[in-house]
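Only the coordinates and a few stated rules stand behind these numbers; no lab work does. Just so it is clear, the structure is predicted and the values come from calculations on it, not from any experiment. Positions of Cβ are generated from backbone atoms using ideal geometry, with glycine treated the same way; all protein chains shown enter the neighbour counts.
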Amino acid sequence: MIHWPEQAIKICGVRTVEHALVAAHAGATLIGMIFAPGRRQISPALGHSISAALRAAGVPTHSVGVFVNESAATINTIAAEAGLDVVQLSGDEPADIVADLNLLALKALRLTNSPAEQQWQALALAQPGQVRLLVDAHVAGSYGGAGVLADWQRAKAWAASTPTLLAGGLGPHNVAAAIEAVAPWGVDVSSGVETDGIKDSAKIIEFVTAARQALGRQYI
């Protein structure tokens, strides 16, 4: 039975076993892999290799598959093929899709004040063991990974009521400030730990170290 980590540090858009293990050994608790169309998309077979490597390493790290506007049946099929622990919904999925998913669900929201977001927030409040929220920046035409800062003040209000993962424009240089400002359940990064569009092991370690220290201060 998979449970959410007490503190979440998610490295997203991982495309190699090497970078997944670097992140996990540094202390990342969630490794995100993209199965939606885009430059970071990987195959279920590669996802399975990454998930298997994480399990073999014996680290307390969960594999997360990122999907955009897929059916529950497709998500469940790919999740099983890739050996995932969690599915992230980054599109315009309705809250009732959760009833048909086989894994824990992380829902990305962009604070647009839509009725759907209110439904997701209510679901996360009612079922925090099954559903968690991810707050990202609102960028027209983008479903994430744009490297733009989210609204930290509004994210703080969400984080005060339900466990919230903060994403959007984070990197080693500002993750501690973000955690201090928002007090989230955790943080999520993709482009902020890349160099020329490729994951950078040194930046991953720097980000995870800074995030762990800042999250630890929240619990003192």
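Overall shape: rounded for the chain, with the ratio a/c of the largest to smallest alpha carbon gyration tensor axis below 1.5.
For n ≥ 4 DSSP H runs only, could you compute -39500 (n - 2.57) per run for the chain, divide by its residues and tell me the 222 nm figure to the nearest 500?
Numbers: 7 runs with 83 residues, N = 220.
Calculated from helices alone, the mean residue ellipticity at 222 nm is -11500 deg cm²/dmol.
Identify, among Ile205, Gln153, Leu104, the residue whose Cα sits farthest towards the positive end of the charge dipole of the chain, taking +1 on the Cβ of Lys and Arg and -1 on the Cβ of Asp and Glu, with the dipole about the Cα centre. Among Ile205, Gln153, Leu104, the one farthest towards the positive end of the dipole of the chain is Ile205.
Computed about its Cα centre, the charge dipole of the range 8-218 is approximately 400 debye, with only Lys, Arg, Asp and Glu carrying charge at their Cβ.
Go ahead and run the numbers for FRET between Asp96 and Ala202, Cβ-Cβ distance against an R0 of 35 Å, rounding to 0.05.
On the way: r = 43 Å, r/R0 = 1.22.
Computed FRET efficiency for Asp96 and Ala202: 0.25.
Evaluating 6.51 cos²θ - 1.76 cosθ + 1.60 at θ = phi - 60° for every residue in the range 198-208, the Karplus couplings come out as 10, 4, 10, 4, 5, 5, 4, 4, 5, 5, 4 Hz, glycine and proline recorded as x.
Only aspartates and glutamates eight or more places from Lys203 in sequence, or on another chain, were considered; those with a Cα closer than 13 Å are Glu194.
Please compute the contact order of the chain in relative form: average sequence separation of alpha-carbon pairs under 8 Å and at least six residues apart, divided by the residue count, as a percent.
On the way: 441 pairs, mean separation 40.5, N = 220.
Reported relative contact order: 18 percent.
Length gained on full extension, His173 to Gln213, computed as 0.36 nm times the residue gap minus the Cα-Cα distance: 13.1 nm.
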